[in-house]
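In what follows, a single structure is set out as structure tokens and then discussed.
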2 protein chains.
Amino acid sequence: MSVIAASVDERLRLAKDAAREIGLLDSARKTALLRAVADAVEAATDEIVAANAEDLERGRADAIGEALLDRLRLDAGRVAALAAAVRDVADLPDPVGRVLDTRTLPNGLALQKVAVPFGVVGSIYEARPNVTVDIASLALRSGNAVVLRGGSAAQSSNATLVRVMRDALSAQGVDPEAIQSVDDFGRDGARALMNARGLIDVLVPRGSAGLIETVVTESTVPVIETGAGVVHIVVDASARADWARDIVLNAKTQRPSVCNAVETVLVHRDAADRLLPELLASVIDAGVTVHGDEATRATDSRVVPATDDDWAREYGTLDLAVRVVDDLDEALAHIRRYSTQHTESIITDDQSAADRFLAEVDSAVVLVNASTRFTDGGEFGFGAEVGISTQKLHARGPMGLAELTSTKWLGRGGGQVRA
Amino acid sequence: MSVIAASVDERLRLAKDAAREIGLLDSARKTALLRAVADAVEAATDEIVAANAEDLERGRADAIGEALLDRLRLDAGRVAALAAAVRDVADLPDPVGRVLDTRTLPNGLALQKVAVPFGVVGSIYEARPNVTVDIASLALRSGNAVVLRGGSAAQSSNATLVRVMRDALSAQGVDPEAIQSVDDFGRDGARALMNARGLIDVLVPRGSAGLIETVVTESTVPVIETGAGVVHIVVDASARADWARDIVLNAKTQRPSVCNAVETVLVHRDAADRLLPELLASVIDAGVTVHGDEATRATDSRVVPATDDDWAREYGTLDLAVRVVDDLDEALAHIRRYSTQHTESIITDDQSAADRFLAEVDSAVVLVNASTRFTDGGEFGFGAEVGISTQKLHARGPMGLAELTSTKWLGRGGGQVRA
């Protein structure tokens with residue numbers, strides 16, 4: 001069993017050293033390593049569930065509520081699912097070593113741009129302990145070491161999961177320091193990660209808007225911002241009634257707590273009489289509280305008044321803001337003002353409206369006639385999802401393993417000097 | 001002539017609005033726009049040179065030194081070169097709209113990942129006024145608006161160049177707010193840029209290590225770090241004597257002030273007797289001061305003693321640190337400790353040493369048997385260079401126009417909802 005270094009700084013240095021070894025492992029070796037991690041997690045089910053019981057007990061004592069307790073809970077079935085997810089990642093194509101560009105200079109110097117691991121990936125996250133295993137396996141598959149800072153609510157589960165994974169690495173003859181946790185340093189651990197320039201290459205926060213905002217604002221390490229989604233659907237004048245109804249219902253109710261669920265629907269005035277009664281009835285009958293402007297409230301008496309705050313809210317619940325707009329221009333202006341640039345969709349039969357929407361909406365994913373729920377690494381066929389980037393640097397939209405790599409240029413010459 | 005907004009915040013908002021218009025211009029339109037900018041710059045030569053004279057006079061009064069005065073100076077020839085550079089950028093392929101990935105989901109939803117402009121590019125830079133025109137033209141070619149914060153030493157030149165470019169945009173019927181300067185706000189202008197989350201999409205600092213460090217540390221806007229180069233050449237046991245001599249001489253003396261010039265040479269002990277005398281004589285005869293370890297000093301009496309500081313220094317001058325190492329492991333450990341991960345090169349005839357160096361050195365550009373001076377956007381064939389990124393996020397190594405774009409996913413469906 002590996003000993004855990006005493007200071008945050010020492011752990012970060014050990015992770016950086018271990019990253020060199022992990023970064024040079026070939027694809028088959030990394031696959032074998034991750035399968036061993038999956039087996040170890042599964043073999044430690046009792047231990048993990050027992051540690052999780054401590055977290056649940058503390059959560060109950062702290063009255064964190066049933067929803068959070070459920071997110072925190074690990075039973076034998078969930079541990080098995082965790083291990084299965086690691087096996088899936090083990091079998092994903094290795095993103096390291098891909099040749100992304102090739103150039104030969106006039107003097108014969110041959111250049112190749114290749115994908116390389118970042119080195120050390122840091123992650124600060126909340127609540128669910130499965131993120132611990134998730135991020136660690138994605139980092140290892142892409143040749144990176146990982147430093148984790150999970151939520152205090154899951155501290156016993158996380159500590160056990162990290163120990164089990166580190167021991168699995170040791171058993172495979174790989175430096176266990178490639179997986180580090182700084183949970184035991186509380187806020188100081190998070191602060192150290194955010195300021196570890198030169199030791200951590202990229203930091204991926206996962207959790208609430210508040211957590212992400214803190215990391216983006218305070219970190220001097222480069223950050224990939226994930227997640228916040230004030231997502232819009234525009235129902236255009238020419239929208240098909242059944243598509244509008246089905247897509248809005250799906251985007252709102254299929255899983256309201258996630259970032260790609262719709263929060264605001266903007267209905268073209270010319271379509272309101274034709275579509276809005278059925279659309280509102282469909283979501284309200286499904287248990288959704290609709291917060292509407294005056295025109296929407298006039299359509300269905302069950303609609304509650306929307307305040308200005310509603311347009312900017314990521315409900316994450318069975319709540320939906322609905323507004324009738326004069327035209328596409330007003331819809332686009334509304335989106336510019338309130339969108340978090342995650343995902344927007346338009347329901348339309350008008351090609352020029354669709355083209356304009358695709359060109360002008362500045363979001364990670366812009367859709368025509370489809371549910372916003374498709375913004376997802378799994379749905380996009382990436383096999384796994386690191387998160388959904390809402391920034392424009394490095395990665396935008398669903399991130400797969402490729403987004404956990406950087407590049408370097410390799411040049412092979414024969415004595416070339418610059419004239 | 002366009003009126004300049006009074007507050008920084010207003011300028012940033014106007015730039016963001018203008019970015020939407022610039023982002024939708026097609027390639028031909030952007031080419032025409034940049035040619036008009038080039039013509040306008042050339043036509044305003046007298047005005048620009050007169051404004052520059054004010055800067056030079058202030059510089060002389062402040063005794064900034066001949067080297068800085070030369071970097072600051074714009075004469076008719078240099079203005080013509082500036083305009084020519086803008087014309088070159090005008091003719092570069094448009095990086096916007098490239099289709100980078102295509103996927104069709106099993107349900108028929110057709111996805112495309114396309115290159116889009118960032119929106120608003122910010123730049124904080126020093127000294128040379130040509131950077132003002134350089135960055136603005138690169139930003140416009142890639143469909144971005146730009147907000148500039150130049151050095152106070154060039155404030156009159158920069159103000160005139162910005163005014164000329166803005167007027168050229170107006171004359172072309174394009175919103176002049178796409179080019180903004182916040183020079184007149186001094187440090188407050190720089191601070192505003194670094195905190196303009198939501199208004200500036202990416203910030204590119206160009207200048208001294210101190211400037212870049214400040215921007216990286218203080219900015220909450222995503223930053224692309226450029227430039228610092230403590231660059232190494234390793235002369236392996238098997239190195240050809242003529243290549244070692246010629247490459248080191250070229251990498252040190254061809255243009256010592258730039259970031260891809262070599263600063264430290266590490267010589268394998270087994271090659272020292274054979275190569276070092278000639279190598280040292282060659283650079284010392286060219287006017288280089290060599291700072292060496294004991295073994296190097298024993299080889300040539302003109303070598304001055306190196307201190308620990310020398311290994312970490314980016315001289316930018318005709319100074320070179322030279323150390324004799326026991327083997328490739330010691331060379332790699334030295335590079336890990338002191339390199340800024342910009343460019344390293346090995347001179348070797350040993351394939352396994354070359355392969356190991358390419359795999360293990362974690363720098364933006366890793367070369368075998370070639371001068372480090374090739375790390376350059378122009379040399380790489382990018383046609384223009386935004387800077388040389390020394391970070392791993394988004395861009396690494398020489399950045400061309402493609403690195404001034406982000407991506408978005410476009411999806412065209414027919415009523416798809418998620419199961």
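With a 1.4 Å probe and every protein chain kept in, tell me what percent of the accessible surface of chain B is carbon plus sulfur.
For chain B, the apolar C and S fraction of the accessible surface comes to 49 percent.
Test of understanding: extend the Cα→C-beta vector of A:ASP350 to 7 Å, then name every residue of the stretch A:236-256 with backbone N under 18 Å from that spot.
A:236-245
Chain pair A, B: how much accessible area is buried, both chains summed, with a 1.4 Å probe, in Å² to 100?
Accessible area lost upon association: around 6000 Å².
Summarise the partner chain shielding of A:357-368 as one whole number: the mean count of Cβ atoms from other chains within 10 Å of each residue's Cβ.
Whole-number average of other-chain Cβ neighbours for A:357-368 is 5.
Using the 7 Å Cα-to-Cβ label point, sort the distances from B:LEU24 to its equivalents in the other copies shortest first and give them in nm to one decimal.
5.4
Can you list the HN-Hα couplings for the stretch B:123-139, worked out from phi with the Karplus curve (6.51, -1.76, 1.60; θ = phi - 60°), rounded to whole Hz and with x for Gly and Pro?
Once rounded to whole Hz, the list reads 9, 10, 8, 10, 6, 5, x, 5, 4, 4, 6, 3, 5, 4, 6, 5, 5.
Under a GNM of chain B (C-alpha, springs under 10 Å), which listed residue has the highest mean-square fluctuation: B:ASP273, B:ASP75, B:ASP175?
Largest GNM mean-square fluctuation: B:ASP273.
Near the amide H of B:ARG98, under 5 Å away, which other amide H atoms are found, from residues 5 or more places off or on another chain, if H is placed in the peptide plane?
Placed amide hydrogens put B:ALA115 under 5 Å from B:ARG98.
Where the only charges are on Cβ atoms (+1 Lys, Arg; -1 Asp, Glu), what is the dipole of the protein assembly as shown about its Cα centre, to the nearest 20 debye?
Magnitude of the dipole: close to 720 debye.
Give a residue-ordered list of calculated ³J(HN,Hα) values for the stretch A:289-297 (Karplus: 6.51 cos²θ - 1.76 cosθ + 1.60, θ = phi - 60°; whole Hz; x for Gly, Pro).
Running phi through 6.51 cos²θ - 1.76 cosθ + 1.60 with θ = phi - 60° gives 8, 9, 9, x, 6, 4, 5, 5, 5 Hz.
Can you give the accessible area of B:THR45 in Å² (nearest 10), computed on protein heavy atoms with a 1.4 Å probe?
Accessible area, nearest 10 Å²: 20 Å².
Sticking with the crude label model, points 7 Å out along Cα→Cβ, report the distance from A:ARG29 to A:ASN107 in nm, one decimal please.
Taking the two extended label points, one gets 3.5 nm.
State the answer as a single residue: which of A:LEU100, A:ALA80, A:VAL174 lies farthest towards the positive end of the charge dipole of the stretch A:31-176, with beta carbon charges of +1 for Lys and Arg and -1 for Asp and Glu, about the Cα centre.
The residue sitting farthest along the positive end of the dipole is A:LEU100.
Output the relative contact order of chain A, whole-number percent, from Cα pairs under 8 angstrom with separation of 6+ residues.
Across chain A, relative contact order equals 17 percent.
If you take each beta carbon of peptide A:339-350 and count the beta carbons of other chains within 10 angstrom, what is the mean?
For this peptide, the per-residue mean of nearby foreign Cβ atoms is 1.
Name the residue from A:ALA244, A:VAL325, A:HIS232 whose Cα lies farthest towards the positive end of the charge dipole of chain A, charges +1 on Cβ of Lys and Arg and -1 on Cβ of Asp and Glu.
Looking along the dipole axis, the top candidate is A:HIS232.
Could you list which residues have their amide H under 5 Å from that of A:ALA261, counting only those 5 or more apart in sequence or on another chain, with H placed in the peptide plane?
Residues meeting the amide H criterion: none.
Could you go through the stretch A:207-215 in sequence order and give the Karplus-derived ³J(HN,Hα) for each residue, using 6.51 cos²θ - 1.76 cosθ + 1.60 with θ = phi - 60°, rounded to whole Hz, and x for Gly and Pro?
After applying 6.51 cos²θ - 1.76 cosθ + 1.60, I find x, 5, 4, x, 4, 5, 4, 4, 5 Hz.
Ignoring ligands, DNA and RNA, what accessible area per residue does chain A give at 1.4 Å, in Å²?
Heavy-atom accessible area per residue stands at 37 Å².
Would you work out which of A:ALA67, A:ALA51, A:ALA295 lies farthest towards the positive end of the dipole of the protein assembly as shown, given +1 charges on the beta-carbon of Lys and Arg and -1 on that of Asp and Glu, about the Cα centre?
Most positive-ward Cα: A:ALA295.
Quick one: dipole size for the stretch A:231-374, taken about the Cα centre, charges +1 on Lys/Arg Cβ and -1 on Asp/Glu Cβ, in debye to the nearest 20.
460 debye
Students often check this: by mean Cβ neighbours within 10 Å, which of A:242-251, A:144-153, B:5-14 ranks highest, and how do the rest follow?
A:144-153, A:242-251, B:5-14
Mean-square fluctuation check for chain A, GNM, Cα pairs under 10 Å: which of A:LYS408, A:LYS252, A:LYS16 is largest?
Taking springs between Cα atoms under 10 Å, the residue moving most is A:LYS408.
Given Cβ point charges of +1 (Lys, Arg) and -1 (Asp, Glu) and nothing else, what value in debye, to the nearest 20, does the dipole of the stretch B:324-419 about its Cα centre take?
Approximately 1000 debye in magnitude.
Show me B:28-41, B:324-337 ranked by packing, highest mean number of other Cβ atoms within 10 Å first.
B:28-41, B:324-337
What is the average number of partner chain Cβ atoms found within 10 Å of a Cβ in B:40-49?
Neighbouring Cβ atoms belonging to other protein chains average 0 per residue here.
Return the long-range amide H neighbours of A:ILE346 (sequence gap of 5 or more, or a different chain), with a cut-off of under 5 Å between placed amide H atoms.
Residues meeting the amide H criterion: A:VAL234, A:LEU367, A:VAL368, A:ASN369, A:ALA370.
What's the ranking of B:84-91, A:390-397, A:136-143 by average number of surrounding C-beta atoms within 10 Å, highest first?
Descending mean neighbour count gives A:136-143, A:390-397, B:84-91.
How many angstrom lie between the C-alpha centres of the stretch B:217-269 and the stretch A:356-419?
31 Å
The values are calculated or read from the model by the stated rules, or taken from the named source; none is laboratory data. In this text, all values refer to a predicted model and were calculated from it rather than measured experimentally. Heads up, the Cβs are rebuilt from the backbone with ideal geometry, glycines too, and the neighbour counts pull from every protein chain shown. Note: accessible area is taken over every heavy atom of the protein model, side chains too, but ligands, DNA and RNA are not part of it. Shrake-Rupley method; radii C 1.70, N 1.55, O 1.52, S 1.80 Å.
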